[in-house]
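The values are calculated or read from the model by the stated rules, or taken from the named source; none is laboratory data. Predicted model, so just to flag it, every value in this text is computed and none were measured. Neighbour counts are summed over all protein chains in view; Cβ atoms, including those assigned to glycine, are modelled from backbone coordinates with ideal geometry. Calculation scope for accessible area: heavy atoms of the full protein, side chains included, ligands and nucleic acids excluded. Shrake-Rupley method; radii C 1.70, N 1.55, O 1.52, S 1.80 Å.
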Amino acid sequence: MNADAGKEKIFASWLTANAVDVGKVALRTYADEVRGVHAVRKIEANETLMKIPLKCLITVEMGKATDVGRAVLEAELELDAPKHVFLMLFLLLDRRNPKSFFQPYYQVLPQTLSNMPIFWSPQELEWLRGSYLLAQIEERKHAIKTDYEAINRVWPAFPRLCTLDEFSWARMCVCSRNFGIVINGVRTSAMVPFADMLNHLRPRETKWTFDNFLGAFTITALQTIPRGAQIYDSYGQKCNHRFLLNYGFAIEENSERDGFCPNEAALLIHLALDDPLAPRKKLLWIRDGAHGAKRIRVCASDNENFRACLSLLRVAAANESELDRILGQNPYGSYRTASDVNIPVSLRNECAALSLLKLTCQTMLSAYPRPLADDISSLACDDMAPFSNERHANIHIKSEKIVLWHFVHFATTALDLAHQSNAEFEASLSQLFEQPPRHHVAGYCNNTLRQVRRDGCEIKVASQTFAAIDLSAPTIV
């Protein structure tokens with residue numbers, strides 16, 4: 001028996017000794033630090049397949065009750081992830097005790113978390129070149145270090161008990177494994193032994209909760225699960241950048257049942273440095289919390305972020321007369337922020353905004369070392385190990401590029417339709433609606449572009465005069 005198998009056997013005995021009901025499932029190891037939970041018999045829909053008593057849970061309140069936890073509370077530290085930190089503090093201190101009640105659980109936790117990007121080597125990070133995820137990885141490292149140093153200042157004994165590397169390990173361990181639950185009316189987060197071994201799948205096939213009547217954390221099947229099949233949890237609808245950063249994996253086909261894909265690209269929209277109107281435009285941008293540049297995440301769909309992105313682009317592309325209209329004479333009064341310009345200003349401005357969208361996406365695509373076709377080919381030929389960091393990096397990069405190419409094609413199509421005759425516009429629009437992958441641009445052209453093409457290609461402003469407002473002063477709502 002190898003060391004990991006021995007630890008898992010001790011862990012299983014600990015579960016049994018503490019009345020943890022997991023007899024319908026079993027743990028399997030696929031690769032180093034890669035495991036899953038399987039059904040040992042057929043499980044029916046609505047059947048409880050796991051029941052874990054409260055005494056086996058590690059909660060935020062347990063971390064707050066430690067000496068260092070009380071010091072953190074008294075100091076009122078502003079931490080990056082407070083609930084996570086209190087779970088981390090208990091975990092880091094308690095696992096030093098060889099006689100801890102939770103020691104069998106600690107022993108089966110991943111020891112390295114080498115799949116998490118914050119622990120990747122410089123060579124591994126090269127696989128992410130061109131992606132904004134690299135900046136997020138550095139931000140996460142900085143946030144972890146900042147929290148660690150803040151705790152050291154209020155509890156000077158902490159660095160003797162825990163290194164920055166150990167603190168980082170605990171941060172990602174808790175980040176990827178904790179459950180948000182309500183115990184006796186108190187909303188908290190908890191580490192739940194064994195329940196945290198389930199891998200992710202959408203749509204979900206199980207549900208979990210803390211059952212106050214039973215005094216236990218339970219997982220229930222939502223459908224029939226065959227004997228031997230892997231049992232999954234859902235980590236939620238997320239973009240691949242969140243899966244990779246927080247869980248250490250990316251999903252090749254990250255789509256919902258209705259076809260929606262939550263993968264995103266982080267577009268950087270900025271004002272031109274040589275734009276003489278930039279000082280006036282910045283007045284709107286500042287109200288969005290930006291100073292001439294704003295990072296906004298968009299997916300290949302019509303949602304609030306995409307509409308905010310178009311608004312920012314309209315401001316960035318505006319000439320003087322268009323900016324005057326945006327700042328003081330739109331039909332609904334002056335806009336509060338650059339993200340609120342959700343009504344097209346003029347045909348010229350809309351085309352300029354679309355051109356800027358296309359250029360932004362093309363510029364981002366040029367930052368990657370290879371084209372999308374190469375990513376697709378590499379993933380299709382299975383040259384990379386199934387659970388390797390390289391494969392997950394490639395899946396994430398491919399996901400970003402697909403979104404960027406979506407908007408390159410979106411802008412190209414919309415710009416083409418913007419200058420067609422009415423008959424050509426209607427014919428082209430009908431063809432777009434016949435192609436499901438192009439419904440996003442079809443909807444935009446049918447609504448926004450049709451509106452701005454109408455009535456002499458400009459939105460007519462109501463005859464009443466709107467007083468210009470001073471955007472340097474805060475708006476009171």
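Straight-line reach from residue 281: which aspartates and glutamates have Cα under 16 Å away, leaving out those fewer than 8 places along the same chain?
320, 322, 324, 340, 470
Can you quote the Å³ per residue value for the convex hull of the Cα atoms in segment 21-79, rounded to an integer?
Roughly 165 Å³ of hull volume per residue.
For the pairs 358/401; 55/99; 7/42, flag any whose C-alpha to C-alpha distance is greater than 18 Å.
Pairs exceeding 18 Å: 7/42.
Taking 0.36 nm per residue of separation and subtracting the Cα-Cα distance, what length does fully extending residue 126 through residue 385 add?
91.5 nm
Using a 7 Å offset from the Cα along the Cα-to-Cβ direction at both residue 149 and residue 355, what is the distance between the two label points in nm, to one decimal?
Output for this residue pair reads 4.6 nm.
Sticking with the crude label model, points 7 Å out along Cα→Cβ, report the distance from residue 252 to residue 274 in nm, one decimal please.
4.7
Is the C-alpha gyration tensor of segment 363-405 telling us rounded, prolate or oblate? Criteria: a/c under 1.5 is rounded; beyond that, a/b larger than b/c is prolate, otherwise oblate.
It comes out prolate by the Cα gyration axes.
For segment 220-342, how big is the tail of P(r) above 24 Å, as a whole percent of Cα pairs?
Counting every Cα pair in segment 220-342, those more than 24 Å apart make up 47 percent.
Cut-off under 22 Å on the C-alpha distance; same-chain residues fewer than 8 positions from residue 145 excluded. Which lysines are left, in chain and number order?
The reachable lysines, counting only those whose Cα sits under 22 Å from residue 145, are 64, 83.
Measure nothing but the geometry: give the 0 to 90° angle between the long axis through the Cα atoms of 347-366 and the longest principal axis through the Cα atoms of the chain, rounded to 10°.
So the helix axis and the longest Cα principal axis differ by about 40 degrees.
Give the accessible area for residue 147 in Å² (nearest 10); use a 1.4 Å probe, count only protein heavy atoms, and leave out ligands, DNA and RNA.
10
Let a ≥ b ≥ c be the square roots of the eigenvalues of the Cα gyration tensor of segment 66-143; is it rounded (a/c under 1.5), or, if not, prolate (a/b larger than b/c) or oblate?
Judged from the Cα gyration tensor, segment 66-143 comes out oblate (a/c at least 1.5, b/c at or above a/b).
Please report the spacing between the Cα centers of segment 44-75 and segment 346-410 in Å, no decimals.
Between the Cα centres of segment 44-75 and segment 346-410 lies a distance of 41 Å.
In whole Å, what are the Cα extents of the chain along the three principal axes, biggest one first?
Extents along the principal axes, in whole Å: 79, 51, 48.
Once amide H atoms are built 1.01 Å from N in the peptide plane, which residues 5 or more positions from residue 209, or in another chain, come under 5 Å H to H?
218
If R0 is 41 Å, what FRET efficiency do you get for residue 207 and residue 283 from their C-beta distance, rounded to 0.05?
The pair residue 207/residue 283 has a calculated efficiency of 0.30.
Multiply the residue separation of residue 44 and residue 31 by 0.36 nm, subtract the distance between their alpha-carbon atoms, and state the gained length in nm to one decimal.
In short, 1.8 nm is gained.
Residue separation times 0.36 nm, minus the C-alpha to C-alpha distance between residue 101 and residue 374: what's the value?
Between residue 101 and residue 374, full extension yields an extra 93.2 nm.
Heavy atoms only, 1.4 Å probe, whole protein assembly: order 209, 16 by accessible area, highest first.
From most accessible down to least: 16, 209.
Determine, from the Cβ-Cβ distance of residue 260 and residue 76 and an R0 of 60 Å, the FRET efficiency 1/(1 + (r/R0)^6), rounded to the nearest 0.05.
Efficiency computed from Cβ-Cβ geometry: 0.90.
Roll a 1.4 Å probe over the protein heavy atoms and report the accessible area of residue 28 in Å², nearest 10.
Probe radius 1.4 Å; accessible area of residue 28 about 110 Å².
Can you pull the one-decimal nm distance between simple spin-label points at residue 142 and residue 55, each 7 Å off the Cα toward Cβ?
Roughly 4.6 nm, to one decimal.
Give the accessible area for residue 139 in Å² (nearest 10); use a 1.4 Å probe, count only protein heavy atoms, and leave out ligands, DNA and RNA.
So the heavy atoms of residue 139 present about 100 Å² to solvent.
May I ask you to list the aspartates and glutamates whose Cα is less than 12 Å away from that of residue 51, ignoring any residue fewer than eight positions away on the same chain?
Partners found: 21, 211.
Hey, what number do you get for the chain at 222 nm if only DSSP H runs of n ≥ 4 count, each worth -39500 (n - 2.57), divided across all residues, to the nearest 500?
When only DSSP H runs of four or more count, the value is -14000 deg cm²/dmol.
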